[in-house]
Amino acid sequence: MKALIVDDEINVRKIIRFLGQWEKHGITDVFEAKNGIEAKVLIERECPEIIMTDVKMPKNTGIELIEWLDANAYPGKVIMISGFDDYCFMRNAFKFGCFDYLMKPIEDEMLNETLAGAVKAWETGEEERRKTESGFYEDVKQFRLNREITAASNGEPFDSGEIALSLPQADAYDLTMMYFYQTHRPDPYLRLLTDELAMREWGNAYVLQNDPNSCVILSVHGQFIRVEEWITQHIDIPVRLVSGHPIESLEELPHSFQAAQRAMVEQNFRAIHRLADLDDARRMHDIVAFVEKNYTEELSLDKLSTRFFLSREHISRRFKQEIGITLSSYVTQLRVNQAKRWLSESDEKMYSIALKLGYQDENYFSRLFKKNVGMTPLEYRNAGGKS
């Protein structure tokens, strides 16, 4: 650890150097500068963790120095030193992140007490920075893995080598899909599960980027019974588990994922913590709210069944009872109403509006619009948004 003493008076620098119990506080190098300009050169070259600086100096004051340090987000701890008991100086010092403020003449006990506090504060901050940086890189790593698994689930090219590095070595793996009820927040549970799988070398878990309520678990073949026991004991919200085909090569991921999807559609799942406490009316309310928020995306009874833990038939029947029309008709109605708003309030092109509403074919969108409104999108726009 390094320290820097900045003061235009050489005697003050000598006194601080003499009184400071540097070795006791883990400081091995002590540098000196007689003004802020020299200090900046030393700071950029040596990166001292502790900086002790006078307030009033020629060629760049102590306040200007800590302003510069603050602007550059310098992590070191600054102790201001002054012969003036000036409130404005102190206020400015603390405004720019100064750790403490010492008055001249410097006293032995106060100097070392302040020095010890600054060192401890720096060490605490450094530990937090390491945790933050470590967490950031872990987040980036997990994001990349989630991206590769998502690509595999969509039948797109993916990097099996990167996925392999995240798994314990094994001759074969089991793929299991875990589905969370739509309105629950799975993030903290998934972090716990991922940590547990890694610690016990059972496998790993990945979140689908296009569906954060769905998780892919890859476990060493034959170990998933232990994983399921852990999930039962530690995840206290409703989940459904669906297994795909065992895989001997990660290149088989898309095939196993499709098998799990088929099993889910056929209702071949294992339920943990059933939704007995959520009545039917509440669940239908959740479904309608989800449709009204996501009507520009592809919505199907299968997708809603997976997300809301109800059969397709039940959703279809109850949706019509609740809303008065079928799911597909309601989605069309929402899309057409949004199209009417965009047509009357903007000059956006027809094909752009169609794409934003989930239609790849502009002509199909125009026919659907006319069927529901009685005129084409262009006619509706030319009429000033009146039908």
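Bear in mind these aren't lab numbers, they're just calculated from the coordinates by the rules spelled out. Keep in mind it's a predicted model, so treat the numbers as computed, not measured. Backbone-built Cβ (ideal geometry, glycine too); neighbour counts: all protein chains shown.
Cα gyration tensor of the range 2-127, axes a ≥ b ≥ c as square roots of the eigenvalues: rounded (a/c below 1.5), prolate (a/b > b/c) or oblate? It comes out rounded by the Cα gyration axes. Rounded to the nearest 0.05, the FRET efficiency derived from the C-beta distance between HIS234 and THR376 at R0 = 51 Å is 0.35. Using a/c under 1.5 as the rounded threshold, could you call the range 200-265 rounded, prolate or oblate? The axes a ≥ b ≥ c are square roots of the C-alpha gyration tensor eigenvalues, and prolate needs a/b larger than b/c, oblate otherwise. Cα axes put the range 200-265 in the oblate bin.
Under 5 Å from the amide H of ILE81 lie the amide H atoms of THR53, ASP54, VAL55, LEU102, each residue being 5 or more positions distant or on a separate chain, with H modelled from the backbone and absent for Pro and chain starts. Modelled this way, with points 7 Å down the Cα-to-C-beta line, the labels at ASP139 and ASN112 are 4.2 nm from one another.
Multiplying the residue separation of ILE37 and GLN321 by 0.36 nm and removing their Cα-Cα distance gives an extension gain of 94.6 nm. The Stokes-Einstein estimate for the chain, based on a Kirkwood radius over Cα pairs and taken at 25 °C with 0.890 mPa s viscosity, is a diffusion coefficient of 92 µm²/s.
Each DSSP beta bridge with both residues in the chain is either parallel or antiparallel, and the antiparallel ones are about 55%. Straight-line reach from LYS59: taking Cα to Cα under 15 Å and skipping same-chain neighbours fewer than 8 places apart, the aspartates and glutamates in range are ASP7, ASP8, GLU9, GLU38, GLU67. Listed by chain and number, the aspartates and glutamates whose alpha-carbon sits under 20 Å from that of LYS370, ignoring those within fewer than 8 places in the same chain, are GLU345, ASP347, GLU348, ASP361, GLU362, GLU379.
In this model, which of LYS56/LYS77; LYS141/LYS293; LYS24/LYS77; LYS56/LYS104; LYS303/LYS371 are farther than 24 Å apart at the alpha-carbon? Cα-Cα > 24 Å for LYS141/LYS293; LYS303/LYS371; rest within. 3J(HN,Hα) along the range 202-209, derived from phi through the Karplus expression 6.51 cos²θ - 1.76 cosθ + 1.60 where θ = phi - 60°, amounts to 8, x, 7, 10, 9, 9, 6, 5 Hz, with x in place of Gly and Pro.
Using the Karplus relation 6.51 cos²θ - 1.76 cosθ + 1.60 with θ = phi - 60°, the per-residue 3J(HN,Hα) values for the range 314-321 come to 5, 4, 4, 5, 6, 5, 5, 5 Hz, with x marking Gly and Pro.
Take every Cα pair under 8 Å in the range 280-382 that's 6+ residues apart, average their separations, divide by the length, and report that relative contact order as a whole percent.
It rounds to 22 percent for the range 280-382.
Which of the three applies to the range 1-68, rounded, prolate or oblate, going by the alpha-carbon gyration tensor with a ≥ b ≥ c and a/c under 1.5 meaning rounded? Cα axes put the range 1-68 in the oblate bin. Across the range 379-384, rounded Karplus estimates of 3J(HN,Hα) from the backbone phi angles (6.51 cos²θ - 1.76 cosθ + 1.60, θ = phi - 60°) give 4, 5, 5, 5, 7, x Hz, Gly and Pro being marked x.
The coefficient of translational diffusion for the range 159-272, derived via Stokes-Einstein from the alpha carbon Kirkwood radius under 25 °C and 0.890 mPa s, stands at 174 µm²/s.
Packing, taken as the mean count of other beta carbons within 10 Å per residue, orders the peptides 373-379, 306-312, 121-127, 110-116 from highest to lowest as 306-312, 110-116, 373-379, 121-127.
Helices in the chain, meaning DSSP H runs of at least 4 residues, each add -39500 (n - 2.57). Divided by all residues, the mean residue ellipticity at 222 nm is -17000 deg cm²/dmol.
The amide H of GLU32, built 1.01 Å from its N in the peptide plane, has ILE5 as neighbours under 5 Å, considering only residues 5 or more places off or on other chains.
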